[in-house]
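Notes for the one structure printed next.
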Amino acid sequence: MLFRIVAAVLFFTAGGIAGISFSERLKTELELCRSIREMFMDSAMLIRCRAIDVYSLSSELRQNRQLCRLTFLNEIPEHYSESDNFHEIWKKAVNSQNFPDDEKRLLCDFGEILGRSDIEGQIASINALEETAVTLEKRRYETYLQKGKLYRSVGMLFGVMVGILVI
């Protein structure tokens, strides 16, 4: 009987952990979206105020501690090299990190914008991407509120159900 009770508690715990894990994945996606929006705002400010090039921009973004979730920035070179194509390097770096498709598309579009036009053109394009990021962030937040609680509850209920079946 003791073995059954221990097994029931273990199943209950495992169900709870699974539910929390799925909920945390949604929260991570929300925080990633916030980091991307923050990167867009910082980039627009740096381009507008300091008129920096793409390599200096990547260096500045890399140093920003609020963007630590965007580890792909570490793969972007800080200095110009004739053999490097910045846009290809950016795209490859973004694809190397495990992002949801919407965020990956936003980041790839952002990389294509950088350095392609004058300052005002880049800022206008970044602002458009920022609006898209805000919309995506709202959608991620709503999903987290709805499904996060659901995943936690269902995980616990599943654990309790299996625990009762074991007893």
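On a per residue basis, segment 58-167 carries 62 Å² of accessible surface, using protein heavy atoms and a 1.4 Å probe. Looking at the square roots a ≥ b ≥ c of the eigenvalues of the Cα gyration tensor of segment 56-117, which shape do they give, rounded for a/c under 1.5, prolate if a/b is larger than b/c, or oblate? Since a/c reaches 1.5 but b/c is at least a/b, the shape of segment 56-117 is classed as oblate. The 3J(HN,Hα) values that the Karplus relation (6.51, -1.76, 1.60; θ = phi - 60°) gives for segment 116-124 are, in residue order, 8, 9, 6, 4, 5, x, 5, 5, 4 Hz. Gly and Pro appear as x. Applied to segment 4-10, the Karplus parametrisation 6.51 cos²θ - 1.76 cosθ + 1.60 on θ = phi - 60° returns per-residue 3J(HN,Hα) values of 5, 5, 4, 5, 4, 5, 5 Hz, with x for Gly and Pro.
Per residue of the chain, the DSSP helices (runs of n ≥ 4 H) give a summed -39500 (n - 2.57) that works out to -28000 deg cm²/dmol at 222 nm.
Only Cα sites of the chain enter the Debye sum here, all with the same form factor; the resulting log10 I(q)/I(0) across q = 0.10, 0.21 1/Å is -0.50, -1.30, listed in q order.
Across the chain, the longest piece that holds none of the GluC sites (Glu not before Pro) lying in DSSP loops with up to 16 other C-beta atoms within 10 Å covers 83-167.
Straight-line reach only, C-alpha to C-alpha below 20 angstrom: list the lysines that Lys91 could link to, leaving out same-chain residues fewer than 8 apart. The qualifying lysines are Lys104. Ignoring ligands, DNA and RNA, what percent of the accessible area of the chain is carbon or sulfur (1.4 Å)? So the carbon and sulfur contribution to the accessible surface is 57 percent.
The values are calculated or read from the model by the stated rules, or taken from the named source; none is laboratory data. Everything numeric in this text was worked out from a predicted model, so none of it was measured. Ideal geometry is used to build each Cβ from the backbone, glycine not excepted, and the neighbour counts take in all protein chains shown. Side chains included, ligands, DNA and RNA excluded: accessible areas come from the protein's heavy atoms. Shrake-Rupley method; radii C 1.70, N 1.55, O 1.52, S 1.80 Å.
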